[in-house]
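Bear in mind that the values in this text are calculations on the coordinates, not laboratory data. Given the structure is predicted, the values throughout are model-derived calculations rather than measurements. Glycine also receives a Cβ, built like all others from the backbone with ideal geometry; neighbour counts cover every protein chain displayed.
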Amino acid sequence: ELKVEQNPLFLSMQEGKNYTIYCNYSTTSDRLYWYRQDPGKSLESLFVLLSNGAVKQEGRLMASLDTKARLSTLHITAAVHDLSATYFCAVDKITIIVWSGTTGANSKLTFGKGITLSVRP
Amino acid sequence: KAGVTQTPRYLIKTRGQQVTLSCSPISGHRSVSWYQQTPGQGLQFLFEYFSETQRNKGNFPGRFSGRQFSNSRSEMNVSTLELGDSALYLCASSPDILIAEAFFGQGTRLTVV
């Protein structure tokens, strides 16, 4: 069974400093996602990482993927208050299925518990 | 382009009742997935539909069911509601299972009293 672990679960960050949060998963997966969730809101897609060594950056956030270590990191540069939110990573495993003579695929996202980031002045 | 639309946004139901939640995916998206989010269990996969077929199902009791219509809109139903079913139910759509990136709706907040 695919399991996703995120740590730490809560991180208090000081404005202007750099931080890294981690996401480990237990078995090989096809895709890794990072989502952001503000209180009471839905999930906002941040990054999709598809292959080993993939690195993506958006503003102060940079995500990377090491499929051999089954590890993704989310690096935060010069934290600002607007980054306060809960960050989820999720992994996706695509399964090829055959039914009624037709070949298709199914997938599901397995999420970590999320890391709540709080940026203080 | 309109996003994923879930209705209603909020619901209060009594134990033992049943409830139906609706999800309209982004136009052109054929894959719809449902997730339950609770403080204790986090985000858990319920089911996934593609072209009106349930392709995958999570570990939830049979009280949880769903369907997808020919226009890709999806509904999920929970019968005989229990207090523990109180959660945020999120729907996600993507163009195709094999295309990365799922877009989530705003969710339906279900409270069972």
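Overview of results
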quantity	calculated
Simple Cβ-charge dipole of the stretch B:33-102, Lys/Arg +1 and Asp/Glu -1, about Cα centre, in debye nearest 20	120
Value of relative contact order over chain B, rounded to a whole percent, pairs C-alpha under 8 Å and six or more apart	37
Semi-axis lengths (Å, descending) of the ellipsoid that matches the C-alpha gyration tensor of the protein assembly as shown	30, 22, 16
Cα gyration tensor shape for chain A, rounded if a/c is under 1.5, else prolate or oblate	prolate
Fewest-first sequence of A:Asp30, B:Asp96, A:Asp92 by Cβ atoms within 10 Å of each Cβ	B:Asp96, A:Asp30, A:Asp92
FRET E, pair B:Val113, A:Asp82, Förster distance 45 Å, beta-carbon r, rounded to 0.05	0.80
Cβ-based exposure ranking for A:Ile94, B:Ile26, A:Ile76, in which fewest neighbours within 10 Å come first	A:Ile94, B:Ile26, A:Ile76
Ranking of A:Leu32, B:Leu81, B:Leu90 by count of other Cβ atoms within 10 Å, fewest first	B:Leu81, B:Leu90, A:Leu32
Net length gained if the chain between A:Ile94 and A:His75 were fully extended (0.36 nm per residue, minus Cα distance)	4.1 nm
Point-charge dipole on Cβ atoms (K/R +1, D/E -1) for the stretch A:30-76, about Cα centre, debye to 20	80
Separation of the B:Lys57 and A:Thr27 label points, Cα + 7 Å toward Cβ, nm	1.9
Packing-based ranking, highest mean first, of B:82-88, B:105-111, A:20-26, B:38-44 given that Cβ atoms within 10 Å are counted	B:105-111, A:20-26, B:82-88, B:38-44
Out-of-range pairs (alpha-carbon distance over 25 Å; input A:Lys113/B:Lys13; A:Lys41/B:Lys13; A:Lys3/A:Lys56)	A:Lys113/B:Lys13
Globularity index of chain B, i.e. its alpha-carbon radius of gyration over 2.2 N^0.38 Å	1.00
Whole-Hz couplings from phi, Karplus 6.51/-1.76/1.60, listed for the stretch A:110-120; x for Gly and Pro	10, 9, x, 6, x, 10, 8, 9, 10, 9, 10
Listed residue (A:Leu65, A:Pro8, A:Thr27) projecting farthest to the positive dipole end of the stretch A:1-71, Cβ model	A:Leu65
Cβ charges +1 (Lys, Arg) and -1 (Asp, Glu), total dipole of the protein assembly as shown, debye	220
